[in-house]
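Read-outs: derived from the displayed coordinates by stated rules, not from any lab. The structure presented is a predicted model; accordingly, all values stated were derived computationally and were not measured. Neighbour counts are summed over all protein chains in view; Cβ atoms, including those assigned to glycine, are modelled from backbone coordinates with ideal geometry.
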Amino acid sequence: MTMILTCLTKDYIVQASDRRLTVMKNGKLEVDEDHSNKALIYGNHFVFAYTGLAKLPVWKNMESSYQYAIDWAAQQLSEGKNVGDAVSHLRNCVTEFMNSNRVRKLPERVRRLAFVGAGFDDIESGGKRSRRPLRIVISNFIEDDGTLLDQPSNVFSVKYGQLLKNHGVELFVAGLQLSEERRIEFTRLLKRCVRHKVRPETIGCLLTQEIQAIADKKDSVGKNIMCTFVPRERSAAIT
């Protein structure tokens, strides 16, 4: 299972995910790909990554085929006028798709899928516009507290999370989880780094190292990492 680490601060957001795809063959976990793309940029101010079903069964040229989940999600998000519309459209489309006959035949553990987005959203308050960090989770198996369901829901939910003013850093873990003790310890490290005004590239290195440390213990996680930076100022995100 993919591990996605998303760090939100008031000035930038960094998201890292491993790139390994695995399959079960004869009850044994095998590596299918180790350099798969699992992330996309939306509107230069949001990044999305996914965990769960990687190859979606589709019809292409009247033949059964598959499409990578991240490519399929990019198509759906492109239909929205803004991030709110895009997310709603993706939720509706993925709910319909995952309840189609082609997908319903798959085992329940395979039908789990989640898209984790993070970026900056412009809001208006008191006649002034401000930019706030925002986290978005579109999923059929991740609960509000981050708990993972073995049996996916038939309906995808959308959960929003904001970075509170008195909470300078948020670490959100999706897919394969960190232990609670390690999550707390790692969040404290990230807070210290942000307090000392380290560059976002340093945060990216820490997220990368954390995933790679998990990869040493879990065959489902790869050491090839994709890391994306989203600055507060509206400009092109960097991958």
Can you name the residue in region 89-114 that is among the hydrophobic types (A, V, I, L, M, F, W, C) and in contact with a Gly (Cβ under 9 Å, 6 or more places away or on another chain) and is also farthest from G175 (Cα to Cα) among such residues?
-> L90
What is the number of the single condition among (1) surrounded by fewer than 13 Cβ atoms within 10 Å (Cβ to Cβ); (2) over 26 Å from R104 (Cα atoms); (3) among the aliphatic types (A, V, I, L, M) that I13 does not meet?
-> (1)
Check whether at least one residue in region 42-61 is in a strand (DSSP E or B) and exposed (fewer than 13 other Cβ atoms within 10 Å of the Cβ), and report yes or no.
-> yes
Search result, residues across region 96-109 that are in a helix (DSSP H, G or I), more than 14 Å from G52 (Cβ to Cβ) and either of a type in the set (K, R) or touching a residue at least 12 places away in the same chain (Cβ under 8 Å) (or both) = R102, R104
Report, by residue number, each residue of region 1-41 that is part of a strand (DSSP E or B) and without any contact (Cβ under 8 Å) to a residue 60 or more places away in the chain.
-> L21, V23, M24, K25, K28, E30, D32, E33, L40
The condition of being of a type outside the set (F, W, Y), surrounded by 13 or more Cβ atoms within 10 Å (Cβ to Cβ) and assigned to a helix (DSSP H, G or I) holds, among R188, R183, only for R183
